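The values are calculated or read from the model by the stated rules, or taken from the named source; none is laboratory data. The structure displayed is predicted, hence computed values, not measured ones. A quick note on method: Cβ atoms are made from the backbone with ideal geometry, for glycine too, and the neighbour counts reach across all protein chains shown. Quick note on the areas: whole protein, heavy atoms, side chains included, nothing else; ligands and nucleic acids left out. Shrake-Rupley method; radii C 1.70, N 1.55, O 1.52, S 1.80 Å.
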There are 2 protein chains.
Amino acid sequence: MKKDDLCMQQALRQAEYAEREDEVPVGAIVVYKGRTIAKSYNQVEKLNDPTAHAEMIAITQAANYLGSKWLKGCSLYVTVEPCSMCAGALVLARIEQVAFGAADPKTGAFGSKTDINKLKLNHKVRIKQGILERDCAAILQNFFKKKRKRDKNKNYF
Amino acid sequence: MKKDDLCMQQALRQAEYAEREDEVPVGAIVVYKGRTIAKSYNQVEKLNDPTAHAEMIAITQAANYLGSKWLKGCSLYVTVEPCSMCAGALVLARIEQVAFGAADPKTGAFGSKTDINKLKLNHKVRIKQGILERDCAAILQNFFKKKRKRDKNKNYF
């Protein structure tokens, strides 16, 4: 199995933890010199915090690990394309690479809805996309399918 | 003094706390039903965390206070125009209004460098700008002026 796929599998495992806690299943990890230095999943509902996306938590963890506000030489693997908040944070962190699984046409900020790299800020992130795309999309689709079904049943009672 | 000016004065006081700690002096507060429910300042250097902008900390504080991931009916006052990360977070938080002092042509994401409201995400933030603009710009300009002078002197030794 390719290195990128192995890393995304770790991110997918994080997304599964989110799903078990009834959070939108998104997972992320940060890799530095071949080592995973941060792992996290979306915790918006649990923490009642709109900023608690998987990527944001992973950035803070990685910065703590490195003792640096800049994540030079780091790669973030995330199951879905980051939103504007997370893309903005990844640029501020000067991360080297972001690899994502599924694209997000509604809010994705690395090419789908908008492209933060085109703003010519003081850092440009290298992007890889489509890593284990099918698995990354499926976990989200199943989550929302189940949720819609549950919400529909709720209306009967 | 107008209500907006009084609120921005509170945000400016927060920016002064940042300055004393040698952080880029940006301050923010969140107001809900006439009450200040969050106050914060930029802490990127102290926390070694690129996500620790004043606005992000204020959003998390306000969400904690309200026990809700959404900041409906809230206004954020911030001394400088939010960047992409913070603007993205404010949209995710579905905040009602953002009032800022100085515009930021380099990274401002509510009209200067880019405009997140134009992306037609699932929430649009009402914007007021130019509140105590001169004071909000001055504290930043003085900070960077002093910093450049200090860095220049450093080179002599």
- request: Could you check, for region B:80-97, whether at least one of its residues is more than 28 Å from A:Ile95 (Cα to Cα), under 12 Å from the mean Cα position of the chain (by Cα) and of a type outside the set (Gly, Ala, Ser)?
  value: no
task: Evaluate the following for B:Lys3: is it open to solvent by 40 Å² or more (accessible area, probe 1.4 Å), away from every other protein chain (no Cβ under 11 Å), within 12 Å of the chain's Cα centre (by Cα) and modelled with pLDDT of 95 or more?
output: no
query: Pick from A:Ala63, A:Ala58: which is of a type outside the set (D, E, K, R), at pLDDT 95 or above and farther than 21 Å from A:Asp4 by Cβ?
result: A:Ala63
- line: If we keep only residues of region B:115-157 that are open to solvent by less than 40 Å² (accessible area, probe 1.4 Å) and touching a Gly at 6+ places or on another chain (Cβ under 6 Å), then the residue nearest to B:Val91 (Cα to Cα) is B:Ile131
- request: Test A:Pro50 against the stated conditions and say whether it is open to solvent by less than 10 Å² (accessible area, probe 1.4 Å) and on the phi < 0 side of the Ramachandran plot.
  value: yes
- line: Reported set for region A:17-38 where residues are closer than 19 Å to A:Ala102 by Cα, open to solvent by 10 Å² or more (accessible area, probe 1.4 Å) and either out of contact with any strand residue (DSSP E or B) (no Cβ under 6 Å at 6 or more places or on another chain) or free of Cβ contacts under 8 Å to residues at least 24 places away in the same chain (or both) is A:Glu19, A:Val24
query: Counting only residues that are of a type in the set (Gly, Ala, Ser) and within 17 Å of B:Gly27 (Cα to Cα), how many does region B:110-144 have?
result: 3
- prompt: Mind checking which residues of region B:1-40 are acidic (Asp, Glu) and outside any helix (DSSP H, G or I)?
  reply: B:Glu21, B:Asp22, B:Glu23
- request: For B:Glu23, indicate whether it is among the acidic types (Asp, Glu) and more than 25 Å from A:Tyr65 (Cβ to Cβ).
  value: no
task: With the condition kept exactly as written, say whether any residue in region B:93-109 is open to solvent by less than 50 Å² (accessible area, probe 1.4 Å), closer than 18 Å to A:Leu47 by Cβ and either polar (S, T, N, Q) or modelled with pLDDT of 95 or more (or both).
output: yes
